[in-house]
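Visitor: My questions all concern the structure below.
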Amino acid sequence: MSDSLIDAVRAHAARVFPGRRLETLAWDEGGIVVNLPELAVVRVAPASGAAPDAGGASTAWIHLTAGASAAPMDDGYGLEFVLLAPGPEKLATKLLAMVANLHADERYPLSLGQTLEVGHGWLPGASADHLLVALPTAFDPELEWLSDRTRNVRFIWLVPVTRAEAEFARKHGPVALQEKLGSAGADVAALVRPSVV
């Protein structure tokens, strides 16, 4: 993969989140990214002076993969992943690298509405231990698609959810869970929050 995909994701983030500081990171501690060796993460700082909003998108740190979409899916577009975190978390970069690497393995492609069990809190001390693969509804609508002459990329939100919420999504559908999260005003970037079900 050339730097052009990383540059394109970074430029897209700069357009969608104007005036916010961007940083490009790589998970270089080995052992995680075997399918996407040149994967990067673009980290977006919170908007300065922003008031809290539903979902936490304005006051949280936003982490976006850059490189997961290098090999488009059968649908003709590639996926990149978005994760909100309460701070500039190095382990958020690791989690995104793990999810992107899983998705890059043709045996484990991710799809909307799927829940992933992390096996522990999504960050140390977190009450949520699953991720819901969802549309990026808490963000500016411009975030979802990056299309130019050479690529079509769709950004998908990884929403940290509790075990009970993941079970609810499996039984009642992911949209029903997202509606409950929205109605409750759940800050999904918070390390500790009550389950909404």
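Visitor: Determine if segment 59-70 includes at least one residue that is hydroxyl-bearing (Ser, Thr, Tyr), more than 23 Å from ARG170 (Cα to Cα) and touching a helix residue (DSSP H, G or I) at 6+ places or on another chain (Cβ under 9 Å). Step through it out loud before you land on a result.
Guide: Filtering segment 59-70 down to residues hydroxyl-bearing (Ser, Thr, Tyr) leaves 59, 65, 69.
Those left that are additionally more than 23 Å from ARG170 (Cα to Cα): 59, 65, 69.
When the remaining residues are screened for being touching a helix residue (DSSP H, G or I) at 6+ places or on another chain (Cβ under 9 Å), the result is 65, 69.
Yes: segment 59-70 contains one or more residues that are hydroxyl-bearing (Ser, Thr, Tyr), more than 23 Å from ARG170 (Cα to Cα) and touching a helix residue (DSSP H, G or I) at 6+ places or on another chain (Cβ under 9 Å).
Visitor: Say we look at segment 125-139 and pick out the residues that are in contact (Cβ under 8 Å) with a residue 60 or more places away in the chain and more than 14 Å from the chain's Cα centre (by Cα); which of these is nearest to GLN178 (Cα to Cα)?
Guide: Filtering segment 125-139 for residues that are in contact (Cβ under 8 Å) with a residue 60 or more places away in the chain and more than 14 Å from the chain's Cα centre (by Cα), the one nearest to GLN178 (Cα to Cα) comes out as ALA128.
Visitor: Next up: Taking the stated definitions as given, is VAL42 modelled with pLDDT of 95 or more, surrounded by 22 or more Cβ atoms within 10 Å (Cβ to Cβ) and assigned to a strand (DSSP E or B)? Write out each step before concluding.
Guide: Values: modelled with pLDDT of 95 or more: yes; surrounded by 22 or more Cβ atoms within 10 Å (Cβ to Cβ): yes; assigned to a strand (DSSP E or B): yes.
Yes: the conditions hold for VAL42.
Visitor: Looking only at segment 82-113, which residues are more than 20 Å from ALA126 (Cα to Cα) and not aliphatic (A, V, I, L, M)?
Guide: Within segment 82-113, the subset more than 20 Å from ALA126 (Cα to Cα) is 100-113.
Matches in segment 82-113: ASN101, HIS103, ASP105, GLU106, ARG107, TYR108, PRO109, SER111, GLY113.
Visitor: Test ALA71 against the stated conditions and say whether it is out of contact with any Ser or Thr (no Cβ under 9 Å at 6 or more places or on another chain) and modelled with pLDDT under 90.
Guide: Numbers: out of contact with any Ser or Thr (no Cβ under 9 Å at 6 or more places or on another chain): yes; modelled with pLDDT under 90: yes.
Criteria met by ALA71.
Visitor: Just wondering, is there one or more residues in segment 102-109 that are under 17 Å from ALA68 (Cα atoms), in a helix (DSSP H, G or I) and free of Cβ contacts under 8 Å to residues at least 24 places away in the same chain? Give the derivation first.
Guide: Step one: list which residues in segment 102-109 are under 17 Å from ALA68 (Cα atoms), which gives 102-109.
Now narrow it down to the ones that are in a helix (DSSP H, G or I): 102-104.
Then drop every residue that is not free of Cβ contacts under 8 Å to residues at least 24 places away in the same chain, which leaves 102.
Looking through segment 102-109, at least one residue is under 17 Å from ALA68 (Cα atoms), in a helix (DSSP H, G or I) and free of Cβ contacts under 8 Å to residues at least 24 places away in the same chain.
Visitor: With the requirement that a residue be closer than 20 Å to ALA68 by Cβ, in a helix (DSSP H, G or I) and acidic (Asp, Glu), what does segment 135-169 give you?
Guide: Across segment 135-169, the qualifying residue is only GLU142.
Visitor: Of the residues LEU191, LEU177, which is surrounded by 14 or more Cβ atoms within 10 Å (Cβ to Cβ) and touching a helix residue (DSSP H, G or I) at 6+ places or on another chain (Cβ under 8 Å)? If you could, list the steps in order and put the result at the bottom.
Guide: On the way: LEU191 fails: touching a helix residue (DSSP H, G or I) at 6+ places or on another chain (Cβ under 8 Å).
Of the residues listed, the single one that is surrounded by 14 or more Cβ atoms within 10 Å (Cβ to Cβ) and touching a helix residue (DSSP H, G or I) at 6+ places or on another chain (Cβ under 8 Å) is LEU177.
Visitor: Could you list, ordered by first residue, the pairs with Cβ atoms under 9 Å in which the first is in segment 1-28 and of a type in the set (Lys, Arg) and surrounded by fewer than 20 Cβ atoms within 10 Å (Cβ to Cβ) and the second is at pLDDT 95 or above and in a helix (DSSP H, G or I), at least 6 apart or interchain?
Guide: Once the first residue is of a type in the set (Lys, Arg) and surrounded by fewer than 20 Cβ atoms within 10 Å (Cβ to Cβ) and sits in segment 1-28, its partners that are at pLDDT 95 or above and in a helix (DSSP H, G or I) give ARG15/GLU142; ARG20/ALA13; ARG20/ALA14.
Visitor: Taking segment 170-194, which residues are in a helix (DSSP H, G or I), over 18 Å from the mean Cα position of the chain (by Cα) and in contact (Cβ under 8 Å) with a residue 40 or more places away in the chain?
Guide: ARG170
Visitor: All but one of (1) surrounded by fewer than 19 Cβ atoms within 10 Å (Cβ to Cβ); (2) of a type in the set (A, V, I, L, M, F, W, C); (3) under 21 Å from ARG15 (Cα atoms) hold for TRP61, so report the exception by its number.
Guide: If we test TRP61 against (1) surrounded by fewer than 19 Cβ atoms within 10 Å (Cβ to Cβ); (2) of a type in the set (A, V, I, L, M, F, W, C); (3) under 21 Å from ARG15 (Cα atoms), just (1) comes out false.
Visitor: Which ones in segment 119-161 are surrounded by 17 or more Cβ atoms within 10 Å (Cβ to Cβ), among the small types (Gly, Ala, Ser) and at pLDDT below 95?
Guide: If the condition is that a residue be surrounded by 17 or more Cβ atoms within 10 Å (Cβ to Cβ), among the small types (Gly, Ala, Ser) and at pLDDT below 95, then ALA138 is the only one that fits.
The values are calculated or read from the model by the stated rules, or taken from the named source; none is laboratory data. What you are looking at is a predicted structure, and each value in this text was computed from that prediction instead of being measured. Cβ atoms come from the backbone with ideal geometry, glycine included; neighbour counts cover every protein chain shown.
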